[in-house]
Amino acid sequence: MDQADIPALLSRLSSDEDALRKMAVFKLQSSINDPAFADLFISSGGLNILRRLIMTTGGNTLAYSLQSLTRLLEVDMGWEIFESAGSGELVERVVELIVTHPLVNILRGAMSILVAIVSHSQSSRGAAQRTPGAFGFRALKPAVAVYPQFFEMVVSQLNSADHALCANALMLLNALMRDAISNEKDGPVKSTGTVEEWPKFIKRLQDLGVIKAVYILMQSSALQDLAHPLLEFQALTKVLLKKWRDVKVDLERPEHRRALKGLHLASAPEKKDHTNGTRAEELADSNTRKGSRRHNPEKWRRLGFETESPAWEFDPTGFLGMMDLTDYVRKQEDGFQKLLLEQSSRPLHERCPVARASLACTIILYEHFEVEKSDVEDAKSYLIMEGMKNYDKIFRPLLLQWSRLHTASLQAFFRVWKATGAEQEDFDKVAELIRILIEQVVGQASRTKDVQEVEEELSEFEYARLRELQMELLELTFEDEWGQHLHQVRDELKHEALQFVKEQRIRCLLQGAWFPRSLQQKTSEDGYQRNGKSLTITWRYVRLSHNRRFLHYSDFNVQKPLEPQLDQLHEKIDLSTISSVISNVSASNDDTSSISSTSTLKTPSNVQKSTTKITINSFVGAAENKSSRNDPTERAILTLMPPTHSLASEWLDGLLMLLNQAPITAETNKLVGLVSEYGLKIRLLNVRLDDGYAGEPGAGVVPSREGLDEDYFYEYSYSTKGEYVSGKGDRESLLGNWKSTEIWRFANVKGYGDVVGENGEGSEGNRRFWAQFAPLLAAGAPKIPEPQLKQKATAGIRPKNPPFYQEKLQDLVVMNQSDIEGLGRVHSWFISQIQAQPPTLEYTKSTRGIVTSAGGAYFPPLLVSLRMLRRTGCTLPVEIFLTTPTEWEPVLCTTILPLLNARCIVLSTLLSSSSLLPFSFTHYQLKIFSILFSNFQHVLFLDADNFPLEDPDILFEREPYERKREDGGGGMVLWPDYWTPTPSPIFPSLSTFSPYTTPFNSSLLLNRPTIEAGQILINKETHAKTLLLAAYYNAYGPGLFYRLSSQGGPGEGDKETFAMAALMLNESFYTVNELPHPLGIRGDGAAVLQADPWLDYLQTHPNPNFHPFSPPFSPYLKPKSNRTIKRKIRPRAENTTITSRYRNNHQTPLHPRLLAPKTKRHAQLPLKKTMG
């Protein structure tokens, strides 16, 4: 319609003739959604005419008028009609139409107008000019008070056959709910002064049947027409659940107190617990003495709470958890009382905590339905829908049956608890099973599946199937996370299982077996019966010799009750002469087949004709085989006819595996598969159970040495079943028990604990750190050929005082100038990166600990070192880094080491992108990366064969590590080696390429000792950059930086990289002045004795005003000229003999005893075993 026709249109709308008005308003509804037309219509006074039509007309005229107003509001115009005088009557008229009018076309328009009114309060447009109370839920309140049946009529329209009307009704309910929730603080204040309108409003809608009606709509075929309002209702349901969870349970609030009191009363507290009569009588006597008012000290614990103050236990679930629990108790009061009575008859640790189970089910459902996802995310999902095929993924009608699902889940929890015989320490395991059950039943339920079917499936789901799902889920989860490592573990377990089955099969041969032989009175040449005469049964007994070299056998007329001994078996076969073993053994489906070795028939009662035959062949020469004139031929030397498939499988595969061949029968391969798969599943289950240092009660607590003697090292051993037992034992019994646990290695319940490096909050942080640092290491790879040596550097024993070598460094590395410049540039780039934006090391602030690396052959010396450490009284935690999962030792890492407050961490599992790096982690590199990934801020690194003689904890509190004067420094202590330094002059020249480094010349390297890196004391906060640069030097150490730092000299490796990194970055560190001392003959397994850095510092720098850490720092601290300082601490008599050897030459107090000292007056000295 043209805008010029508006005056004529208004005239017709004001006409008294109904037909004229009807036609005019019909044309109006099709034109008013044009903003220009609508603006002119409003300015011409059309709103008043439209309002009068709505208030006075009926029939189609009224329907067209309502539709016109709806379309006007859709273009965000005409809102002043609800802000002017008489707007209340207009709203009341619209409400009246919904309540009293039956025509669908009128109801559609009326509900659309109310939706616009309520929703307009939630819009930010025009908020400044908005009249208070004109929009939102409050605008409807006066009219609803006049027509209280309004909500009931709106809800009833959800069952309408008209989809448009149904959609409008649901949109109106959505708008009312959203307005009530979002504006709760602006709502009317009750007489009590609190704002609690929205819960009552939601409860009123629930009582009117909104949930049931919407649930039916979500499952209906009309979903496509109602998709948007249904999706919004689903999102609002999540909002409500989240709001209820956010409400904290507060016993000061009356409704919360009433709910808890209702729980207590519903539990029938007046019923006596006859099973614990003695306890009840004691409580009664106690209460009688105290007063007339009886108080049950287990009032809330009997309901399944952990304490007698249950309010805080609702923190994870909020008021939502309380609602679910009270709803269950209200609906299942009799069952609840019976359950409590049944549980009271059980021991305390076997009782199912009902309240905790209810809260756990609430959390499981909350996470399953992703309640935290906002409605915006749901709307995005709606926008990508393509027809009905995606509706099952988006619409979750079961979410609306929250209460019924919670009750069914809780009943399933009780059923699983009873079926598994769970105890309270297994609570989390049962909760995990229920989580899997919910994912399987509720998560895979179709949109049209009725909630009753879901309840039945939850109550009838088989526990065995649930466990299978758990295993499958674990495999899929860990396959995604640790696919490469799982393949390694699976291969390792398969190899172990194969060795286990091989030993079992060979032991069957060692035990021996009877084999029937069928003879007949008259036989044909081929050995088969032709004339039907009776058979004569003879027996052959075969047995493997103890040395597993010969197969003994003999024939007997009858089967003897006692198995013959080897000396009674007159025939034997040398296994080395066997050429092949042939058989027709195949998989059997009969009941006699079994994968268990216990099913072997040693004395079968009924001998049937055997369908299997095992033939053992050997080569014979031409002299024995007259039919062959050339090469030796193969012939059968022994034939066995096993009566059962199990016996055939054991002997055939036993012989093959004895000859180092692979098994071929399906039965043996199935047994190998079962053992390896169960071993993997046990390990996967255990990964989730172990968390950081968590373990059995008392794990990680260093035992007291009070009352212990020198045999303390052998007081812990293992039983033959792999169980930990405590008690005094000698070395032989310990070793014997240790060997006997090998068969249980892949059936160990605690088998794979920390294989993924799970170490509390630090593990995720370490992965973040590695994600930052790994690209830097990869990008900083030197692109130069490996430098060569003219010859290896020569080094002598380091003198006591500098200079430690000749006046200039040996130049033995062959590198052209372009390679040196290329190395300098990439070296400079890496330093600039760690100086500008260094990756953040992850550690727990202000923590101390000991870090070491082990695995394989280093575990035995590590155990000795760790026990010696604990003898000193040191309680510092220890982190033991392994390179790969293949070094994981289940018994050590999950049982023995936690008892000593130590744990294993597999480094490769933390290095997710290590496969992209141009280097691998081996040998020396493990040390620096162990320090980087440690959880401690203050780290004492010790080699596996290194241990302190006194408690090293004090080192972190004393100088030179802890500087107490405000002169800077501290935080890094290194120990010297025997040798004179042999670095290449190329190394210090690298400092000239970077503006971030302080150039230093070769003389500085000549005036510092070489480093023995078996022990390092470092602060990761103050020396983070030093560690990062040292990691760079070690990553590309073999063939490059190791060669530049030592030029093939003694002990070439990582030992110089830590000092070089600190020098390059001009960061302070202290090197112990006292020379290392050999114990024994060096070169033939001597031990190395290192000095206490604190005493070394005191004697080297007696002047308290001398501060060695002031830049520029000289790494070797030259003492005063009067080097001979008298010993202030003299050894006791029992130590005089061995310490007197050093008295004249070394002033730093030493304690060379290999065991823990009896006095603490001597220095604490790390001791390291050196080989060669």
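Could you check the range 426-446 and list, in sequence order, the residues that are among the hydroxyl-bearing types (S, T, Y) and touching a residue at least 60 places away in the same chain (Cβ under 8 Å)? Selection gives nothing. The residues listed here are S934, S920; of these, the one that is part of a loop (DSSP other than H, G, I, E, B) and at pLDDT 90 or above is S934.
Of all residues in the range 244-262, those being in a helix (DSSP H, G or I) and open to solvent by 40 Å² or more (accessible area, probe 1.4 Å) number 7.
From the set of residues in the range 345-354 that are buried (at least 17 other Cβ atoms within 10 Å of the Cβ) and of a type outside the set (A, V, I, L, M, F, W, C), which is farthest from the chain's Cα centre (by Cα)? Ranking the qualifying residues of the range 345-354, first place goes to R351. Does the range 864-873 contain at least one residue that is part of a helix (DSSP H, G or I), open to solvent by 20 Å² or more (accessible area, probe 1.4 Å) and under 26 Å from L990 (Cα atoms)? Scanning the range 864-873 turns up no residue that is part of a helix (DSSP H, G or I), open to solvent by 20 Å² or more (accessible area, probe 1.4 Å) and under 26 Å from L990 (Cα atoms). Would you check if there is a residue in the range 36-44 being part of a helix (DSSP H, G or I), modelled with pLDDT under 90 and under 28 Å from D162 (Cβ atoms)? Yes, the range 36-44 has at least one match. Inspection of the range 447-459 finds a residue satisfying the criterion of being surrounded by 18 or more Cβ atoms within 10 Å (Cβ to Cβ), in contact with a Ser or Thr (Cβ under 7 Å, 6 or more places away or on another chain), touching a residue at least 40 places away in the same chain (Cβ under 8 Å) and not small (G, A, S).
Within the range 479-490, can one find any residue that is of a type outside the set (F, W, Y) and in contact with a strand residue (DSSP E or B) (Cβ under 9 Å, 6 or more places away or on another chain)?
Within the range 479-490, one or more residues are of a type outside the set (F, W, Y) and in contact with a strand residue (DSSP E or B) (Cβ under 9 Å, 6 or more places away or on another chain).
Residues in the range 870-886 that are out of contact with any helix residue (DSSP H, G or I) (no Cβ under 8 Å at 6 or more places or on another chain) and closer than 13 Å to L949 by Cα: R870, G873. Restricting the first member to the range 412-425 and to residues that are at positive phi, and the second to residues that are buried (at least 16 other Cβ atoms within 10 Å of the Cβ) and of a type in the set (K, R), no beta-carbon pair is closer than 6 Å while six or more apart or on different chains.
Cβ-Cβ contacts under 8 Å between residues 6 or more apart (or on different chains), taken from a first residue in the range 471-493 that is open to solvent by less than 100 Å² (accessible area, probe 1.4 Å) to a second residue that is at pLDDT below 80 and not in a helix (DSSP H, G or I), are listed as W482/V756; H485/V755; H485/V756; V489/Y752; V489/V755. Reported count of residues in the range 54-82, each being β-branched (V, I, T), assigned to a helix (DSSP H, G or I) and either open to solvent by 50 Å² or more (accessible area, probe 1.4 Å) or free of Cβ contacts under 8 Å to residues at least 40 places away in the same chain (or both), is 2.
Counted as qualifying within the range 1009-1110 are the strands (runs of 3 or more DSSP E) with 3 or more residues that are surrounded by 22 or more Cβ atoms within 10 Å (Cβ to Cβ) and either of a type in the set (G, A, S) or at pLDDT 90 or above (or both), namely 1015-1019. Looking across the range 143-184, the residues that are among the polar types (S, T, N, Q), at pLDDT 85 or above and open to solvent by 10 Å² or more (accessible area, probe 1.4 Å) come down to Q149, S156, Q157, N159, S160, N168. When the criteria are applied in full, P516 meets the requirement of being at pLDDT 90 or above and either touching a Pro at 6+ places or on another chain (Cβ under 7 Å) or open to solvent by 70 Å² or more (accessible area, probe 1.4 Å) (or both). Kindly evaluate F37 against the criterion of being surrounded by fewer than 22 Cβ atoms within 10 Å (Cβ to Cβ) and aromatic (F, W, Y). In short, yes.
Considering every residue within the range 420-432, establish whether at least one is in a helix (DSSP H, G or I), at pLDDT 90 or above, open to solvent by 10 Å² or more (accessible area, probe 1.4 Å) and among the aliphatic types (A, V, I, L, M). Yes, some residue in the range 420-432 is in a helix (DSSP H, G or I), at pLDDT 90 or above, open to solvent by 10 Å² or more (accessible area, probe 1.4 Å) and among the aliphatic types (A, V, I, L, M).
The values are calculated or read from the model by the stated rules, or taken from the named source; none is laboratory data. These numbers come from a predicted model, not from an experiment. No Cβ is skipped: glycine too gets one built from the backbone with ideal geometry, and neighbour counts run over all protein chains shown. The protein model used for the area step is the full one, side chains on, heavy atoms only, and it has no ligands, DNA or RNA in it. Shrake-Rupley method; radii C 1.70, N 1.55, O 1.52, S 1.80 Å.
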